[in-house]
């Protein structure tokens, strides 16, 4: 159960911390006071799936290299993941 919660928490951190895919797209969402920004769209669901994939790959230490995190918080989180395994 802890692993599931940890992976999902990391998904949201990656969504807000400049995750780059191999296609060159950047996933970067910010907190907003506008409620319309929280309505799920197909693009947001695809981005969530990409972040979930990245989170699982780093949690299991497989790391295929399809994505990389360019944000400081995400990089620190990835380093801590490797030391906690």
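For the reader, a short list of remarks on this structure follows.
- Looking across the range 17-26, just one residue is surrounded by fewer than 16 Cβ atoms within 10 Å (Cβ to Cβ) and on the phi > 0 side of the Ramachandran plot, and that is 24.
- Restricting the range 41-60 to residues that are under 17 Å from residue 4 (Cβ atoms) and either loosely packed, with under 14 Cβ neighbours inside 10 Å or modelled with pLDDT under 80 (or both) leaves a set whose member that is nearest to the chain's Cα centre (by Cα) is 49.
- Applying a threshold of 8 Å to beta carbon distances and a minimum spacing of six or more residues, or different chains, the list of pairs starting in the range 32-46 at a residue that is at negative phi and ending at one that is part of a loop (DSSP other than H, G, I, E, B) and exposed (fewer than 10 other Cβ atoms within 10 Å of the Cβ) reads 38/32.
- Taking the listed residues 6, 29, 38, 14, the one that is touching a strand residue (DSSP E or B) at 6+ places or on another chain (Cβ under 7 Å) and surrounded by 10 or more Cβ atoms within 10 Å (Cβ to Cβ) is 14, with no other qualifying.
The values are calculated or read from the model by the stated rules, or taken from the named source; none is laboratory data. It should be emphasised that the depicted structure is a prediction, and the values quoted were computed from it without experimental measurement. Heads up, the Cβs are rebuilt from the backbone with ideal geometry, glycines too, and the neighbour counts pull from every protein chain shown.
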